[in-house]
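*Asks:* My questions all concern the structure below.
Bear in mind that the values in this text are calculations on the coordinates, not laboratory data. Not measured: the values here are computed from a predicted model. Here the Cβ positions follow ideal geometry from the backbone for every residue, glycine too, while neighbour counts run over all protein chains shown.
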Amino acid sequence: QQQVKQSPQSLIVQKGGISIINCAYENTAFDYFPWYQQFPGKGPALLIAIRPDVSEKKEGRFTISFNKSAKQFSLHIMDSQPGDSATYFCAAGLEYGNKLVFGAGTILRVKS
Amino acid sequence: GAVVSQHPSRVICKSGTSVKIECRSLDFQATTMFWYRQFPKKSLMLMATSNEGSKATYEQGVEKDKFLINHASLTLSTLTVTSAHPEDSSFYICSASAGLAGQYFGPGTRLTVL
């Protein structure tokens, strides 16, 4: 019940295209869903996060879509750029500084 | 804001020695700090959660006598890998949380045990 399933494992997108990464969770008590971006040899950086009282959150080219009934959420990267090439992790957890459950990660490569 | 540092960024040590890794929240007070281990091309594996002034809570399968965690203040936590062996070689990452704002990660420490 603690798992977060992330797909796809890897993704290749043309420059300017839309990158879409999906995650599904099991624990209905989770109320905090962040996405992290990680470059090789670096720590993950918080990209964007959503709470279940909204269905969508947009920050620049990054959008999270959230479907509470399906227990799914996704990251959309609009106008993908080569600099977006990185590993993306979704996560889920309880707010208030509690531990997060991470997805397996998606390696994104944006071709120029 | 929300900057977390780790030191050292890279360490190479001989088998049997102990290594200490520091994690600091630079611009906020972290009520909770987390320590993760990451293998190449894999996800983050939570090792332990620590709150300032109290004992760390270790995840199942993580040896608390091998991975000593101290959270001495609201801005500093340390992970000591005791009697390190080659199988302990990994990328260790800390994160810090001030409660509602989520977790912010440090840049990681690459440990290589010869």
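*Asks:* Whether any residue in segment B:93-101 is at the interface with chain A (Cβ under 8 Å from one of its Cβ atoms) and more than 23 Å from B:G53 (Cα to Cα) is what I want to check.
*Replies:* No - not one qualifying residue is present in segment B:93-101.
Quick grid of which residues meet (1) in contact (Cβ under 8 Å) with a residue 40 or more places away in the chain; (2) over 18 Å from B:A96 (Cβ atoms); (3) within 14 Å of another protein chain (Cβ to nearest Cβ):
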position	(1), (2), (3)
A:F30	yes, yes, yes
A:K42	no, no, yes
A:V54	no, yes, no
A:G93	yes, no, yes
A:G103	yes, yes, yes
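*Asks:* Filter segment A:56-91 down to the residues that are among the polar types (S, T, N, Q) and away from chain B (no Cβ under 14 Å) and list them by number. Spell out the reasoning first.
*Replies:* From segment A:56-91, those among the polar types (S, T, N, Q) are A:63, A:65, A:67, A:69, A:72, A:74, A:80-81, A:85, A:87; that's our starting set.
Those that are among the polar types (S, T, N, Q) and away from chain B (no Cβ under 14 Å): A:T63, A:S65, A:N67, A:S69, A:Q72, A:S74, A:S80, A:Q81, A:S85.
*Asks:* Something else: Checking B:A98 against (1) of a type in the set (G, A, S); (2) touching a residue at least 40 places away in the same chain (Cβ under 8 Å); (3) within 28 Å of B:K14 (Cβ to Cβ), which test does it fail?
*Replies:* (3)
*Asks:* Looking only at residues in segment A:33-61 that are more than 16 Å from A:C23 (Cβ to Cβ) and of a type in the set (K, R), which one is surrounded by the fewest Cβ atoms within 10 Å (Cβ to Cβ)?
*Replies:* Filtering segment A:33-61 for residues more than 16 Å from A:C23 (Cβ to Cβ) gives A:39-43, A:45, A:53-54, A:58-61.
Subset that is of a type in the set (K, R): A:42, A:58, A:61.
Working: A:K42: 17, A:K58: 12, A:R61: 14.
My answer is A:K58.
*Asks:* Would you mind finding the one in B:A84, B:A56, B:A48, B:A72 that is more than 9 Å from chain A (Cβ to nearest Cβ), farther than 20 Å from B:S5 by Cβ and among the aliphatic types (A, V, I, L, M)?
*Replies:* Details: B:A56 fails: farther than 20 Å from B:S5 by Cβ; B:A48 fails: farther than 20 Å from B:S5 by Cβ; B:A72 fails: farther than 20 Å from B:S5 by Cβ.
Only one candidate qualifies: B:A84.
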